[in-house]
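Read through the structure below, which is laid out as structure tokens, and then see the notes.
The values are calculated or read from the model by the stated rules, or taken from the named source; none is laboratory data. None of the values given here were measured: they were computed from a predicted structure. Because the Cβ atoms are built from the backbone with ideal geometry, glycine has one as well, and the counts that use them run over all protein chains shown.
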């Protein structure tokens, strides 16, 4: 089964190019051209990853997309795509797990996305394994 990604960017050329690259490499890609459209798509579907441009309808529209992604019950991996890598660590505080700097060559982009998906999935598994133990511990303590 193909892994599903939501790709968000207001520049059509970037959106179409990245979509083609990702689809050629085994991903199923949905696209959105604004944070509003991305929020709607996240509420209607399930994605393993959300990749968003930072600057769209506002300088920080990407953070809106990331915050919405972090609220989804399906807990997608999150990445900010930007041509302005001088964001400091603010992107991490806003909930993004990685920063992808445009332009990025295809092998490096795919390496970064695969690494993020593996890391994120491992974290989800660890969290799920800890949750039942902490509930069992609470029950035993009462």
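Counting only helices (runs of 4 or more DSSP H) that sit wholly inside region 1-111, those with at least 1 residues that are surrounded by fewer than 13 Cβ atoms within 10 Å (Cβ to Cβ) are 12-24, 35-44, 90-93.
Those residues that are touching a strand residue (DSSP E or B) at 6+ places or on another chain (Cβ under 8 Å) and touching a residue at least 24 places away in the same chain (Cβ under 8 Å), I need them from region 95-111; list them, please.
Of the residues in region 95-111, the ones touching a strand residue (DSSP E or B) at 6+ places or on another chain (Cβ under 8 Å) are 95-102, 109.
Correct list: 95, 96, 100, 102, 109.
Of the residues making up region 48-62, none is out of contact with any strand residue (DSSP E or B) (no Cβ under 9 Å at 6 or more places or on another chain) and within 24 Å of residue 105 (Cα to Cα).
Going through (1) within 20 Å of residue 70 (Cα to Cα); (2) at pLDDT 75 or above one by one, residue 131 falls short only on (2).
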